[in-house]
Amino acid sequence: MAAPAVNVMLAVHEKKTTAVDLYRPLRQYIATNFSEREAQMAEDDLDSVRQMRSDVEKPTNPSPESRRDLLLSYYRAIALIEPRFPISSDRSHVNSLTFTWYDAFKPSKKASLQSIHLEKSAILFNIGAAYSQIALSADRTSPAGLKQACNGFQSAAGAFSMLREAVAPKLAALGGATIDLSVECAGMLERLMLAQAQECFFEKVIADAKPHGICSKVARQVGLFYEEAYATLNAAPLNQHFDRTWISHIQLKAAQFYAEACYRCSLELHGKEEIAEEIARLKIGINALTDAKKSIKGIAAPLLDAVSRLEGHMNQNLERAIKENDRVYLMRVPPASSLISLPAASLVKPVPMNEVLDASKERLFSNLVPDNSTKSLSRYTEMVDDIIRTQAEKLQQGSEITRVKLKEMDLPDSILALDGSFSLPMDLKEDVEAVQISGGPAGLEAELQQLTDLRRVNQELLVQTEELLQKEANEDTQFRTQFGTKWTRPQSSTLTKNLLDRLNRFAANLKQAAESDARIERSIRDHSTFMSILDRRPIESALPNLARPIMSLDNNEDAIVGALKQSLRQLENLGAQRAGLEDMLKEMKRKDDILPKLLATSGSHEDLFKKEIAKYDSIREEIAQNIEAQEQLLLQIQAQNEEFAAIFNLEDYKVARDKCYKQIAAAIAKYREIKDNINEGMKFYVTLQDAINNVKQQCSDFVMTRNIQCREMLEDVQRQMAGLSFASGQSNLPRSTSHPSSDPQPAPRPSFTPPFFHRPGEHPRPGFSQPYTNYSQPPPSPYQAPGQYQQYTNQPPSHDYSQPAYPGWRGPYYNTHMQQPATGHPPPSPYNVPPQNYPQGGYYRPQ
């Protein structure tokens with residue numbers, strides 16, 4: 001067997017360049033088009049770019065791997081520079097930068113352009129060259145080295161493929177570039193690198209002693225790659241550009257591996273005793289080598305030795321096969337034109353460079369966002385929002401359709417009713433729970449008792465207040481009878497008329513309230529049975545049950561129910577899947593930030609948009625499948641439910657259940673009505689109790705003041721009767737004092753001055769300087785509208801017992817703020833028209 005020669009492969013040399021200062025032009029552009037502050041912030045990034053360009057110009061590390069990493073970093077930096085810094089001869093652009101690069105295959109030729117495309121093309125070319133050098137330097141005698149070489153050549157092919165497809169066409173449109181950066185040269189180099197990567201696989205299958213058929217297919221693909229590269233080299237513009245040794249090398253390689261494929265195929269044919277075709281394949285391979293060797297020049301000696309060895313093995317096998325055929329097989333050798341093409345098996349492909357050269361994760365110039373990138377981002381965001389909105393609407397519509405369809409079929413309520421786990425509708429259940437929390441119908445009796453207790457307290461307060469006034473009136477009548485005309489103060493009845501009127505109105509209010517309480521009590525008694533359903537715990541125990549049919553012909557109820565339940569579970573799973581898809585949409589939208597990619601992409605962004613939008617295709621497909629599956633499942637559930645309803649007499653059950661619903665709702669309404677009436681009554685009694693207590697306090701103040709008046713008047717009457725200025729005699733009247741001495745002595749003046757008393761010519765005492773209403777005038781009505789105030793004139797009081805004796809008895813509840821004009825009608829009750837501190841409900845309004 002012939003073994004392939006080692007290290008008989010080609011690597012590409014890097015392009016050379018001249019020095020370029022990127023720092024100053026780029027900084028000036030930032031300061032002019034952004035701001036000086038932005039320029040200062042970008043200085044570190046500018047320094048990094050300048051250093052990388054300097055390292056590219058003068059390699060400091062001979063390691064191919066280090067060189068590759070430098071070129072990759074610089075390419076990513078160029079990708080970030082391109083959208084932010086337009087470089088051209090235009091005055092508004094960066095117009096002081098000119099890039100110069102020499103041809104890699106003819107260093108005497110160069111290209112100088114004010115374009116970032118020349119810089120990108122040259123760096124990408126050098127990246128491919130660096131990968132080829134890494135592959136060529138690998139030790140292919142070891143499995144690890146062979147793998148490294150194969151990967152390196154495939155990566156080099158990826159770089160040249162990217163140059164051919166994405167970068168070189170833009171440079172070609174500008175014109176003036178060297179041929180090594182043309183689309184044709186990039187394509188040729190891509191084929192050459194793939195051929196050498198496939199050749200590494202051929203070396204591996206030979207070393208692993210794989211079957212001859214496999215070796216033939218691998219060798220044939222190596223030859224095809226070389227043939228494609230050779231065809232490109234023989235066409236314009238490359239046919240006059242490359243050195244003849246390159247062309248001869250690739251030509252001979254193509255012939256070598258075509259002959260190798262024929263040789264490996266002949267070995268397989270010999271094992272099958274197909275001698276005639278074996279002879280034909282060997283002759284074809286030998287002829288290919290002979291023709292190639294005629295025109296080659298400058299071929300490396302190891303490659304010539306490998307070809308000579310292969311040719312020798314083939315001639316030996318051909319001679320042996322001819323002898324065997326002539327002596328044994330006597331088969332006719334087919335002509336070459338009648339043979340089918342040898343099969344090929346490609347085991348290599350260009351390594352995509354998009355991920356390696358992706359600059360979206362780089363932080364260079366991240367603060368500089370040009371307007372066109374902002375607009376592109378906004379457009380892309382609108383596209384994504386439209387997708388999200390459309391798909392979310394589909395999901396929501398699917399859920400709504402499910403809800404409506406199930407409600408129409410009364411599912412899953414009817415299934416739950418059959419299992420005994422049915423529940424009330426949510427709104428009705430919440431109402432029932434609220435009633436039960438508040439005590440339910442069973443608690444109404446206790447609340448009614450509270451109402452009765454409050455009414456009794458008010459009645460007792462009212463009686464106590466009336467007794468106060470009645471006691472004072474009786475004492476006044478007693479003194480008036482005893483002293484006759486000397487008892488000159490006003491009668492109690494003339495002073496307490498308004499108080500008594502209001503007490504009478506309170507009594508009338510209490511009477512009306514008692515009638516209302518009686519109506520509440522009758523309502524509770526009349527509807528207690530009706531409302532008792534609300535005390536059922538759980539409330540679902542009051543609902544009718546969906547019973548199984550008494551008689552069945554085929555006993556398939558369980559199967560029908562089971563199938564329907566299974567379908568409902570599947571429908572529930574689809575709903576959960578929709579919820580997950582909706583969350584996934586939101587999460588994808590949240591993470592979808594393509595601004596770094598926009599800033600790392602030059603030219604039109606349509607291709608980037610298509611690629612990024614495509615990531616939503618899978619979830620859109622899932623949503624469409626979910627909706628379609630739901631439609632089919634709903635049709636299936638509808639058919640199953642019709643069968644279920646017919647067997648279990650579902651219509652009669654629904655009628656009974658709806659009737660129960662209505663009964664519960666009516667019981668809730670009646671409970672709330674009674675509850676509201678009780679609450680209204682409690683508010684009424686509490687407010688009325690405050691009002692009665694207020695009036696009671698005023699009555700107490702009035703009685704106290706009248707008692708003081710009574711004492712003073714007793715003293716005056718005694719002085720008149722004894723002809724003395726001070727009371728001294730013993731009196732059998734209440735509150736009089738007796739002196740044991742038989743000789744009359746001047747009695748001491750009382751230690752206090754009545755609040756209404758002052759000597760003639762003195763001003764009223766400051767503590768009682770407010771004048772008092774003259775009872776000889778009609779008393780003012782105490783039921784004025786709130787917010788008005790009665791005006792009093794500051795007149796010195798006279799010693800007149802017709803005046804009220806105590807200014808404080810007109811408390812805040814009865815003090816009116818303005819004299820109400822006489823209308824001939826009785827003053828309004830503050831409990832019929834609700835005042836500020838006495839709300840009046842409609843249930844307790846006088847009938």
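Which of the residues belonging to the range 42-81 are in contact with a helix residue (DSSP H, G or I) (Cβ under 6 Å, 6 or more places away or on another chain), β-branched (Val, Ile, Thr) and under 16 Å from Lys16 (Cα atoms)? Val56 - this is the single residue of the range 42-81 that is in contact with a helix residue (DSSP H, G or I) (Cβ under 6 Å, 6 or more places away or on another chain), β-branched (Val, Ile, Thr) and under 16 Å from Lys16 (Cα atoms).
Yes/no per residue for (1) out of contact with any Leu (no Cβ under 8 Å at 6 or more places or on another chain); (2) open to solvent by 70 Å² or more (accessible area, probe 1.4 Å); (3) closer than 17 Å to Ser216 by Cβ:
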site: Leu303; (1), (2), (3): no, no, no
site: Val307; (1), (2), (3): no, no, no
site: Leu310; (1), (2), (3): no, no, yes
site: Gln316; (1), (2), (3): yes, yes, no
site: Arg320; (1), (2), (3): yes, yes, no
site: Asn325; (1), (2), (3): yes, no, no
site: Ala336; (1), (2), (3): yes, no, yes
site: Leu339; (1), (2), (3): yes, no, yes
site: Leu342; (1), (2), (3): yes, no, yes
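Cβ separations smaller than 7 Å between residues 6+ apart or across chains give the following pairs from the range 525-545 residues that are closer than 12 Å to Glu433 by Cα to residues that are in a helix (DSSP H, G or I) and open to solvent by 60 Å² or more (accessible area, probe 1.4 Å): Asp535/Ala442. The single condition from (1) part of a helix (DSSP H, G or I); (2) touching a helix residue (DSSP H, G or I) at 6+ places or on another chain (Cβ under 9 Å) that Glu460 fails is (2). In the range 244-267, the condition of being closer than 30 Å to Arg327 by Cα, open to solvent by 10 Å² or more (accessible area, probe 1.4 Å), touching a residue at least 12 places away in the same chain (Cβ under 8 Å) and aliphatic (A, V, I, L, M) is met by at least one residue.
Against the condition assigned to a helix (DSSP H, G or I), without any contact (Cβ under 8 Å) to a residue 60 or more places away in the chain and open to solvent by 30 Å² or more (accessible area, probe 1.4 Å), how does Glu445 come out, does it pass? Judged against the criteria, Glu445 is not a match. The residues of the range 683-716 that are among the basic types (Lys, Arg) and open to solvent by less than 20 Å² (accessible area, probe 1.4 Å) amount to a single one, Arg706.
Going residue by residue through the range 275-282, is there one that turns out to be on the phi > 0 side of the Ramachandran plot and open to solvent by less than 30 Å² (accessible area, probe 1.4 Å)? No, every residue in the range 275-282 fails to be on the phi > 0 side of the Ramachandran plot and open to solvent by less than 30 Å² (accessible area, probe 1.4 Å). Within this structure, Ala508 fails the test of being outside any loop (DSSP other than H, G, I, E, B), of a type in the set (Gly, Ala, Ser) and under 14 Å from Val703 (Cβ atoms).
Here Ile299 clears all of (1) within 30 Å of Arg68 (Cβ to Cβ); (2) open to solvent by 40 Å² or more (accessible area, probe 1.4 Å) except the condition numbered (2).
Here Glu515, Glu521 are screened, and the one residue that is under 30 Å from Cys699 (Cβ atoms), of a type outside the set (A, V, I, L, M), surrounded by fewer than 20 Cβ atoms within 10 Å (Cβ to Cβ) and touching a residue at least 60 places away in the same chain (Cβ under 8 Å) is Glu515. Just one of the numbered conditions (1) more than 26 Å from Gly152 (Cα to Cα); (2) surrounded by 18 or more Cβ atoms within 10 Å (Cβ to Cβ); (3) within 39 Å of the chain's Cα centre (by Cα) is not true of Tyr75: (1). Here the condition is being among the aromatic types (Phe, Trp, Tyr) and under 23 Å from Thr687 (Cβ atoms); of Phe530, Phe506, it holds for Phe506 alone. Set side by side, the residues Ala129, Ala173 differ, and just one is over 49 Å from the mean Cα position of the chain (by Cα) and either within 22 Å of Thr232 (Cβ to Cβ) or in contact (Cβ under 8 Å) with a residue 24 or more places away in the chain (or both), which is Ala129.
The conditions are (1) touching a His at 6+ places or on another chain (Cβ under 8 Å); (2) closer than 30 Å to Thr232 by Cβ, and Gly271 fails exactly one of them. Which is it? Every condition holds for Gly271 apart from (2).
Does Leu564 satisfy the condition of being modelled with pLDDT of 85 or more, closer than 13 Å to Asn641 by Cα and touching a Pro at 6+ places or on another chain (Cβ under 8 Å)? It is false that Leu564 is modelled with pLDDT of 85 or more, closer than 13 Å to Asn641 by Cα and touching a Pro at 6+ places or on another chain (Cβ under 8 Å). Of the residues screened, Glu355 is one that is at pLDDT 85 or above, surrounded by fewer than 12 Cβ atoms within 10 Å (Cβ to Cβ) and either part of a loop (DSSP other than H, G, I, E, B) or of a type in the set (Asp, Glu) (or both). Just one of the numbered conditions (1) over 41 Å from the mean Cα position of the chain (by Cα); (2) of a type outside the set (A, V, I, L, M); (3) closer than 30 Å to Glu631 by Cβ is not true of Lys405: (1).
For the range 481-500, enumerate the residues that are out of contact with any Lys or Arg (no Cβ under 9 Å at 6 or more places or on another chain) and charged (D, E, K, R). Answer for the range 481-500, where residues must be out of contact with any Lys or Arg (no Cβ under 9 Å at 6 or more places or on another chain) and charged (D, E, K, R): Lys486, Lys497. Of the residues examined, Ile664 is not one that is touching a Ser or Thr at 6+ places or on another chain (Cβ under 6 Å) and either at negative phi or among the aromatic types (Phe, Trp, Tyr) (or both).
Sub-6 Å Cβ pairs linking a first residue in the range 313-339 that is touching a residue at least 12 places away in the same chain (Cβ under 8 Å) to a second residue that is open to solvent by 70 Å² or more (accessible area, probe 1.4 Å), at least 6 apart or interchain, are Asn325/Met331, ordered by first then second residue. Considering only residues in the range 470-494 that are open to solvent by less than 10 Å² (accessible area, probe 1.4 Å) and part of a helix (DSSP H, G or I), the one that is modelled with the lowest pLDDT turns out to be Ser492. Taking each residue of the range 616-628 that is under 11 Å from Leu581 (Cβ atoms) and looking for partners that are of a type in the set (S, T, N, Q) with beta-carbon atoms closer than 9 Å, six or more apart or interchain, yields Ile619/Gln391; Arg620/Thr390; Arg620/Gln391; Glu622/Gln577; Ile623/Gln391; Asn626/Gln577; Ile627/Gln397.
The values are calculated or read from the model by the stated rules, or taken from the named source; none is laboratory data. Keep in mind the model is a prediction, meaning the values are calculated, not measured. Note that we place each Cβ from the backbone using ideal geometry, even for glycine, and neighbour counts take in every protein chain shown. Only protein heavy atoms, including side chains, enter the accessible area calculation; ligands, DNA and RNA are left aside. Shrake-Rupley method; radii C 1.70, N 1.55, O 1.52, S 1.80 Å.
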